[in-house]
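Input: a single structure, listed below in structure tokens.
The values are calculated or read from the model by the stated rules, or taken from the named source; none is laboratory data. What you see is a predicted model; the values in this text were computed from it and never measured. Every residue, glycine among them, receives a Cβ derived from its backbone with ideal geometry; neighbour counts consider all protein chains shown. Just so you know, the surface numbers come from the protein's heavy atoms only, side chains and all, with ligands and any DNA or RNA stripped out. Shrake-Rupley method; radii C 1.70, N 1.55, O 1.52, S 1.80 Å.
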Amino acid sequence: MHAMAGQALVGAAVARIGPNAITQVAAVLERELGAAARARLFAAAGLSAHLARPPTGMVDDREVERLHRVLRAELGVADARRIGRLAGERTGAYLLAHRIPAAVQLLLRWLPASWAARLLVRAIGRHAWTFTGAGAFTARAGPPVQLVIRHGPLARGDRADEPVCDFYAATFEWLFRALVHRNATVVEIECEALGAPSCVFELRWSR
């Protein structure tokens, strides 16, 4: 097991997160609902400036929290989950194209799935500060492998009748399908929005 706490800026009390949880949601909203609906939802979250100037660096994780909460409030949980999942898939594709070296990808695909999964989980842990913000990441070796996010921005302080962190689940699943096993699935089996202490994502694959 290993852990990586979110990066907090002392004094300013600000935690930073990569921009994909905003920019990829913006792209999906425009494609699925249109530019006007996207503008309305971003305005409701106080993030209109990010449409005029899409962020390219780390953003305040509270902005991500607000955006995903607005999606659930305005669209309903089911549609918000669908948008989150599509945005997570786009994020996974982005990471493969821009953040994971080609040589590393080749190595992981060549290794047996169990070894590749172990290495990929370690890599995710080393970079967890880029997606957990003020939260913390841990991994349970399994089987099955479990990825755990505590106090992450997607479900933080909210309540729902079902898991809501489809953005994370889809991002993880995209990476594991591309690099570990084509039949890999990632399911959120516990969620803070349901009252759980952490959001837990379970990884499985069939031969």
Filter result (of a type in the set (G, A, S) and either open to solvent by less than 40 Å² (accessible area, probe 1.4 Å) or part of a strand (DSSP E or B) (or both)) within the stretch 160-197: A160, A169, A170, A178, A184, A193, A196
Counting only residues in the stretch 135-159 that are modelled with pLDDT of 95 or more, touching a strand residue (DSSP E or B) at 6+ places or on another chain (Cβ under 8 Å) and assigned to a loop (DSSP other than H, G, I, E, B), the one farthest from N20 (Cα to Cα) is identified as H151
Of all residues making up the stretch 90-119, the number that are over 12 Å from T171 (Cβ atoms) and either in a helix (DSSP H, G or I) or of a type in the set (S, T, Y) (or both): 18
Residues satisfying the stated conditions in the stretch 39-64, i.e. under 17 Å from Q24 (Cβ atoms), open to solvent by 60 Å² or more (accessible area, probe 1.4 Å) and touching a residue at least 40 places away in the same chain (Cβ under 8 Å): M58
Can you confirm whether the stretch 65-78 contains a residue that is open to solvent by 20 Å² or more (accessible area, probe 1.4 Å), part of a loop (DSSP other than H, G, I, E, B), farther than 17 Å from A160 by Cβ and at pLDDT 95 or above? no
For the stretch 110-130, give me each residue that is within 21 Å of D166 (Cβ to Cβ) and open to solvent by 40 Å² or more (accessible area, probe 1.4 Å). H127, T130
Between a first residue in the stretch 75-90 that is in contact (Cβ under 8 Å) with a residue 60 or more places away in the chain and a second residue that is open to solvent by less than 70 Å² (accessible area, probe 1.4 Å) and not in a helix (DSSP H, G or I), which pairs have beta carbons less than 7 Å apart while being 6 or more apart in sequence or on different chains? V77/A160; V77/E162; V77/V164; R81/V164
Which of the residues belonging to the stretch 135-185 are among the β-branched types (V, I, T) and more than 18 Å from A87 (Cβ to Cβ)? T138, V145, V148, V180, T185
For the stretch 90-102, does any single residue satisfy the condition of being open to solvent by less than 20 Å² (accessible area, probe 1.4 Å), farther than 18 Å from R66 by Cβ and at pLDDT 95 or above? yes
